[in-house]
């Protein structure tokens, strides 16, 4: 059994996905659009690295002689990683493109709508669940825990369900709070009618043109003669 190789592979898998979960947790706290874009890019690269490690696990263990527990340990984070690939990656692309539109100036504040989108539960929750599931696979790769039976599988599924629920509620609360801040500028001030613009300067006196003066002078004698 290639215990050292299994530990290296599953340890790298857990390290990449745990780092991605930590970066995703700091994504909504970005103050500028450039910082939000930088964090979204780093998170996308971590997701790509995590997928690459997933692909490397069966390839490397298949080339080495002897049995390996790494593929079985990699099955634990496989389902949330699939959610990341299908859902979270698309949202990260939208956040990155949205931040790029405002990142031309270094100190441009991150738009509240983008911060709320970054705090969506489908962004950070699958990443953090994948990292925790990969971390739970380390004892399996080390041979400390055998492949789970029916009883252990039930405990693992219950624990995973509780973790997903707690993380989902936490991110949903933060998303709701940031979502309210998007509409806060509208509700803070009461709508009032603007006062009418009244000019206090007197009206300008009309000055006749020279041609109009000449017509008025010539018309006056004619009126008197009549």
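The values are calculated or read from the model by the stated rules, or taken from the named source; none is laboratory data. Bear in mind the structure is a predicted one, so any value in this text is a computation, not a measurement. Reconstructed Cβ throughout: ideal geometry from the backbone, glycine too, with neighbour counts over all protein chains shown.
Going by the conditions given, is residue 24 modelled with pLDDT of 90 or more and within 22 Å of the chain's Cα centre (by Cα)?
Numbers: modelled with pLDDT of 90 or more: yes; within 22 Å of the chain's Cα centre (by Cα): yes.
The answer is yes for residue 24.
Looking only at residues that are closer than 28 Å to residue 122 by Cα and surrounded by fewer than 17 Cβ atoms within 10 Å (Cβ to Cβ) in the range 52-64, which one is nearest to the chain's Cα centre (by Cα)?
52
Check whether at least one residue in the range 34-51 is more than 22 Å from the chain's Cα centre (by Cα) and crowded, with 17+ Cβ neighbours inside 10 Å, and report yes or no. First the steps, then the outcome.
In the first step, residues of the range 34-51 are kept if they are more than 22 Å from the chain's Cα centre (by Cα); the result is none.
Within the range 34-51, not a single residue is more than 22 Å from the chain's Cα centre (by Cα) and crowded, with 17+ Cβ neighbours inside 10 Å.
Could you list, ordered by first residue, the pairs with Cβ atoms under 6 Å in which the first is in the range 112-140 and buried (at least 23 other Cβ atoms within 10 Å of the Cβ) and the second is not in a helix (DSSP H, G or I), at least 6 apart or interchain?
Sorted first by the residue in the range 112-140, then by its partner, the pairs are 130/77; 133/76; 133/77; 134/77; 137/76.
On the given criteria, is residue 67 surrounded by fewer than 17 Cβ atoms within 10 Å (Cβ to Cβ) and within 25 Å of residue 6 (Cβ to Cβ)? Working first, answer last.
Numbers: surrounded by fewer than 17 Cβ atoms within 10 Å (Cβ to Cβ): yes; within 25 Å of residue 6 (Cβ to Cβ): yes.
Yes: the conditions hold for residue 67.
Under the condition of being surrounded by 15 or more Cβ atoms within 10 Å (Cβ to Cβ) and assigned to a loop (DSSP other than H, G, I, E, B), which residue from the range 141-173 is modelled with the highest pLDDT?
145
For the range 92-111, which positions are closer than 20 Å to residue 47 by Cα, crowded, with 17+ Cβ neighbours inside 10 Å and touching a residue at least 24 places away in the same chain (Cβ under 8 Å)? Break it down into steps so the answer makes sense when it comes.
Our first condition is that a residue be closer than 20 Å to residue 47 by Cα; within the range 92-111, this holds for 92-100.
If we keep only those that are crowded, with 17+ Cβ neighbours inside 10 Å as well, we get 92, 95-96, 98-99.
92, 95, 96, 99 - these are the residues of the range 92-111 that are closer than 20 Å to residue 47 by Cα, crowded, with 17+ Cβ neighbours inside 10 Å and touching a residue at least 24 places away in the same chain (Cβ under 8 Å).
Go through (1) within 28 Å of residue 168 (Cβ to Cβ); (2) touching a residue at least 60 places away in the same chain (Cβ under 8 Å) one by one and return the number of the condition residue 44 breaks.
Unmet for residue 44, out of (1) within 28 Å of residue 168 (Cβ to Cβ); (2) touching a residue at least 60 places away in the same chain (Cβ under 8 Å): (2).
Suppose we filter 19, 26 for residues that are surrounded by fewer than 17 Cβ atoms within 10 Å (Cβ to Cβ), under 17 Å from residue 124 (Cβ atoms) and touching a helix residue (DSSP H, G or I) at 6+ places or on another chain (Cβ under 8 Å); which single one remains?
One residue alone meets the criteria, 26.
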